[in-house]
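Notes to accompany the following structure.
FYI, it's all coordinate maths here, none of it is from the lab. Please read these numbers as outputs of a predicted model, since none were measured by experiment. Note that each Cβ is placed from the backbone with ideal geometry, even for glycine, and that neighbours are counted across all protein chains shown.
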Amino acid sequence: MTEDGGLPSAGGAAVGRRIGIGLMNGLWKPRVLGDWRVPAAGPVIFAVNHSHNIDGPMLMGTAPRPVHFLIKKEAFAGPLDPFLRGIGQVKVDRSSTDRTAVTHALGILQRGGALGIFPEGTRGEGDFASLRAGLAYFAVRSGAPIVPVAVLGSAERRSRVIPGLPPLRGRVDVVFGDAFAAGDGSGRRTRKALDEATVRIQERLTAHLTDARRRTGR
C-alpha cells in the first residue's frame, strides 16, 4: 500500500503495528522499558540491534508509534510481498545503492514518520559491532533524531515446538534509549562528516546496549 508520490502508506504502518501488537503479545511476553523516551511526534529513526528474525516484528509490536522498516528485498517473496507492502514496509536491494528505497526512507522522515533500521545491515550477534553508513546518512540528511533500541532474549534459546523461534510465551525485553542527534550541528553531509557521525552513533548504540543488558540482566 502506497500513498501519493509512491511512499509507503502511513495507514498501512498503523495496521502493521496493530498486527504486531497482537502477534508479539500473543506468542511471547514482551517487557518494554523506556518507550516514554520516544518522541511523540516528528521524524524519528529507530536503530535496532539484530540477532533474530522476530526483532523487527517485535519492535513493530512494542514501539509507541507505527514503524516503517527497511527490509531486504529477499523477504518480499510469495504472499509476504503484498503483505509487507500493505503494512507500509520498505523493500531494499542490498546489492547496490537502492535509490528508490533511499527516496522512500527520506520521504517517510520528511512527513514526520518513524523509520526502523538494523544498522548492522544483517542478522548477526546483535551487538552493534559493525555499522553500515546508511544510518548516518539518513540521520544527517533528514535531521531526524535516532532512538537506540535493544531487543534482548530473542536469540537466547529455541522453542521446542518451532525450533526457528524463541520459546513461545518466553520473555523478550525491548529497551528504548534516549533520542540523540547524529550530526555535529554543522549540517555538513561530506564523507568525513558521515564517517564522524557513524563513530558517534556506534558509541551511543553500544553504550545503550550495555546499559540495557545491565538493566535486564541479559
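List of remarks:
- Extension reserve of the A41-R214 stretch, reckoned as 0.36 nm per residue once the Cα distance is removed: 59.4 nm
- The antiparallel fraction among DSSP beta bridges confined to the chain stands at about 25%.
- Between R111 and L165, the simple label model (points 7 Å from Cα in the Cβ direction) yields a spacing of 3.2 nm.
- Tail beyond 13 Å, pair distance distribution of the range 19-72 (Cα, percent): 60
- Estimated translational D of the chain in µm²/s (Stokes, Kirkwood radius over Cα pairs; 37 °C; 0.692 mPa s): 189
- Here the gap between A75 and A133, fully extended at 0.36 nm per residue and compared with their Cα-Cα distance, gives a gain of 18.7 nm.
- Computed E for S186/D93 - FRET, C-beta separation, R0 30 angstrom, nearest 0.05: 0.45
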